[in-house]
Amino acid sequence: INKDQWWKKAVIYQVYPRSFQDSNGDGIGDINGIIERLGYLEDLGIDAIWLSPVYQSPQDDNGYDISDYQDIDPMFGTLDDMERLIKEAKNHHIRIIMDLVLNHTSDEHRWFLEAKKSKTNPYHDYYVWRDGVEGTPPNDMTACFGGSAWEWVPEVQQYYFHQFSVKQPDLNWDNPKVRREIYDMIYWWMEKGVGGFRLDVIDQIAKEPDKKITNNGPRLHEYLREMSRETFQKGDLITVGEAWGATTENAKQFSNPDGSELSMVFQFEHIGLDQQEGKEKWDLAPLPFLKLKEIWNRWQTELNRFGWNSLFWNNHDLPRIVSRWGNDKEYRAESAKMLATLLHGMQGTPYIYQGEELGMTNVQYAIEDYRDIEIRNMYQERLAKGYEEADIMRSIHAKGRDNARTPMQWDDTENAGFTQGIPWIKVNPNYREINAESQVNDPCSIYNYYKKLVGLRKEYDVFAEGSFQMLLQDDEDIFAYLRQGETENLLVICNFYDKTLKCPLQESWGEGTLLICNYEDRSDMSVLRPYEARIYLLQR
Ligand code: TEU
Ligand code: CA
């Protein structure tokens, strides 16, 4: 691991600023709140914070609709607060990774306000327009949050393309003026001392709407290599691209070790498994465990030496993993720790989403308590299509993005210590039992288990450098794999379900050193208890 790839041994923590810590009593998390909590994050041992957007935004999609990339939205604070966060974080040995939403802007961005004035406006071609007749969109493409992907603008007698909400018009990346403005903005943030960028839906910046192609267009890697040359390669940055269309093949380009594009991508092949084939995430299906193992095995083995994996279960768009694929009732702590072990033992850069380190769970609110545009649009759309309300709510409870967006649970005081005001979204009612204060000093807590995992990655090179070999591929309950390093191996064994099983592979782990286990009682290690997870260090 050469020095300028610090991120190969790093652990990244995602902060969703709106829900992390409110410091001025308006019920919305803010930058000063994050500064107050840097000590907690340094104690956890993380190396960088990925900050979801805090730029100027009308908040139609909670800040992923940006109206000024170079200013901070007053609800989160000021540009001075942002510069102070970058500086204070550095004092805590933490880098700040900014979230760059480059596929689209807000429709309130000055570029769009100009663009829609006339076809001859110099900013018109910053966006994707098609001539048309009102009421007859260019094609039947739909937008991610429902409805048509085409919106009519009478002033220019044209439709504009938007893959997300109507208030998120797609940028036209074929236009070199757009690319130049974006690169100048990125470099401006680099000069402010940020440690990297997370690139929102980056494989969608190259698209061919006339062919109904929404991502991985022919010029994608040309754009990424140009962006990397013009900006990232001039600094010592981590860059991670969100790529819902990533495959192990194109991921080798995205995360080429030669540094020509990005450091790594967020791929989602494992994330889409518990939904019915060819349908939406709302159409629930049980997790195909063997398929999960096959996918992780493929990503780990194919990117070893030819790319770099991000490792995550959670983010601000996903339900919380302990409720989704763990057991958040009688085995919440055990299953949260098992899922963390499974992930952190693999090769790649692990991401911890705020509250994951506490075993925070999903919520089951009534529809009026949800805030997310995606949930609200889907509720109306499915109701109009005749779906049973109870089925719609079951889908929202299982997969709604607000599961990840309820306020961070700091302690058992009112509103879990998140705010002195009225929170913008209700706090999960289980905050009295699940909160940071009750875990930070408990050596057996989920928090301290995560802290140990983070520490192991720093202590043993094999975590970052070792190869990966899946074991027991056909076992329906156990996820086990071997990591082979220069001088030592890791053996990771996870019982994914609430069964009690004979522990396999004893002949190989016999002489190993137990590095971590999510059960305190070590009296009989020949048995794997429900959700039991272990990592052994074996000499080569
Ligand atoms: O998400 C991209 C995206 O496609 C997800 O919204 C996903 O499709 C959906 O959440 C699951 O059904 C990124 C951001 O992470 C997300 O928060 C934004 O809403 C979206 O882009 C638009 O910027
Ligand atoms: Ca606030």
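Can you tell me which residue in the stretch 29-58 is surrounded by the fewest Cβ atoms within 10 Å (Cβ to Cβ), limited to those that are away from ligand 1 (no atom under 12 Å from the Cβ) and in a loop (DSSP other than H, G, I, E, B)?
58
Name the helices (runs of 4 or more DSSP H) wholly within the stretch 427-530 that hold at least 1 residues that are of a type in the set (Val, Ile, Thr)?
437-440, 446-459, 462-465
From the residues in the stretch 60-96 that are small (Gly, Ala, Ser) and more than 16 Å from ligand 2 (Cβ to nearest atom), which one is farthest from residue 239 (Cα to Cα)?
Residue satisfying both the conditions and the ranking: 67.
Quick check on the stretch 479-498. Is at least one of its residues modelled with pLDDT under 95 and on the phi > 0 side of the Ramachandran plot?
no
Can you pull out every residue in the stretch 67-81 that is more than 14 Å from residue 57 (Cβ to Cβ) and either at pLDDT below 95 or not polar (S, T, N, Q) (or both)?
Passing the criteria: 79, 80, 81.
Can you name the residue in the stretch 313-332 that is surrounded by fewer than 22 Cβ atoms within 10 Å (Cβ to Cβ) and over 18 Å from the mean Cα position of the chain (by Cα) and, of all such residues, is nearest to ligand 1 (Cβ to nearest atom)?
328
Would you point out the residue of the stretch 14-26, among those that are more than 6 Å from ligand 2 (Cβ to nearest atom) and touching a residue at least 60 places away in the same chain (Cβ under 8 Å), that is surrounded by the fewest Cβ atoms within 10 Å (Cβ to Cβ)?
25
Just the residues that are within 16 Å of ligand 1 (Cβ to nearest atom) and acidic (Asp, Glu), please, taken from the stretch 69-104.
73, 99 - these are the residues of the stretch 69-104 that are within 16 Å of ligand 1 (Cβ to nearest atom) and acidic (Asp, Glu).
Yes or no: the stretch 63-82 includes at least one residue that is more than 25 Å from the chain's Cα centre (by Cα) and among the charged types (D, E, K, R).
yes
Any chance you could count how many residues in the stretch 130-178 are open to solvent by less than 20 Å² (accessible area, probe 1.4 Å) and either outside any strand (DSSP E or B) or under 19 Å from residue 219 (Cα atoms) (or both)?
16
Look through the stretch 27-59, keep the residues that are among the aliphatic types (A, V, I, L, M) and within 16 Å of residue 410 (Cβ to Cβ), and return whichever of them is nearest to ligand 2 (Cβ to nearest atom).
Only one residue tops the list, namely 28.
Open to solvent by less than 30 Å² (accessible area, probe 1.4 Å) and either touching a Gly at 6+ places or on another chain (Cβ under 6 Å) or farther than 28 Å from residue 287 by Cβ (or both): does that describe residue 400?
No: the conditions fail for residue 400.
Assuming residue 395 fulfils every condition listed in (1) more than 15 Å from ligand 1 (Cβ to nearest atom); (2) touching a residue at least 40 places away in the same chain (Cβ under 8 Å); (3) assigned to a helix (DSSP H, G or I) apart from one, which condition is it?
Of everything listed in (1) more than 15 Å from ligand 1 (Cβ to nearest atom); (2) touching a residue at least 40 places away in the same chain (Cβ under 8 Å); (3) assigned to a helix (DSSP H, G or I), residue 395 misses just condition (1).
Could you please give the count of residues in the stretch 359-379 that are outside any loop (DSSP other than H, G, I, E, B), over 30 Å from residue 308 (Cβ atoms) and in contact (Cβ under 8 Å) with a residue 12 or more places away in the chain?
7
Check the stretch 266-273 and report whether any residue there is in contact with a Gly (Cβ under 6 Å, 6 or more places away or on another chain) and at pLDDT 95 or above.
No, because not a single residue in the stretch 266-273 is in contact with a Gly (Cβ under 6 Å, 6 or more places away or on another chain) and at pLDDT 95 or above.
Of the residues 176, 154, only one is modelled with pLDDT of 95 or more, under 28 Å from residue 376 (Cβ atoms) and more than 16 Å from ligand 2 (Cβ to nearest atom); which?
154
Among the residues in the stretch 376-393, are any open to solvent by less than 10 Å² (accessible area, probe 1.4 Å) and acidic (Asp, Glu)?
Looking through the stretch 376-393, none of the residues is open to solvent by less than 10 Å² (accessible area, probe 1.4 Å) and acidic (Asp, Glu).
Is it true that some residue in the stretch 90-106 is open to solvent by 50 Å² or more (accessible area, probe 1.4 Å) and of a type in the set (S, T, N, Q)?
Yes, because at least one residue in the stretch 90-106 is open to solvent by 50 Å² or more (accessible area, probe 1.4 Å) and of a type in the set (S, T, N, Q).
Kindly evaluate residue 385 against the criterion of being modelled with pLDDT of 95 or more and either among the acidic types (Asp, Glu) or over 23 Å from residue 40 (Cα atoms) (or both).
Considered against the rule, which asks whether it is modelled with pLDDT of 95 or more and either among the acidic types (Asp, Glu) or over 23 Å from residue 40 (Cα atoms) (or both), residue 385 comes out as yes.
Sort through 278, 193, 217 and tell me the only one that's without any contact (Cβ under 8 Å) to a residue 40 or more places away in the chain, out of contact with any Leu (no Cβ under 9 Å at 6 or more places or on another chain) and either within 16 Å of ligand 2 (Cβ to nearest atom) or open to solvent by less than 50 Å² (accessible area, probe 1.4 Å) (or both).
After ruling out the rest, the residue left standing is 217.
Name the residue that is nearest to ligand 1 (Cβ to nearest atom), counting only residues in the stretch 3-28 that are in contact with a helix residue (DSSP H, G or I) (Cβ under 6 Å, 6 or more places away or on another chain) and of a type in the set (S, T, N, Q).
21
Which one of 155, 88, 108 is out of contact with any Gly (no Cβ under 8 Å at 6 or more places or on another chain) and free of Cβ contacts under 8 Å to residues at least 40 places away in the same chain?
It is 155.
The values are calculated or read from the model by the stated rules, or taken from the named source; none is laboratory data. Source: prediction; values computed, not measured. Neighbour counts are summed over all protein chains in view; Cβ atoms, including those assigned to glycine, are modelled from backbone coordinates with ideal geometry. The protein model used for the area step is the full one, side chains on, heavy atoms only, and it has no ligands, DNA or RNA in it. Shrake-Rupley method; radii C 1.70, N 1.55, O 1.52, S 1.80 Å.
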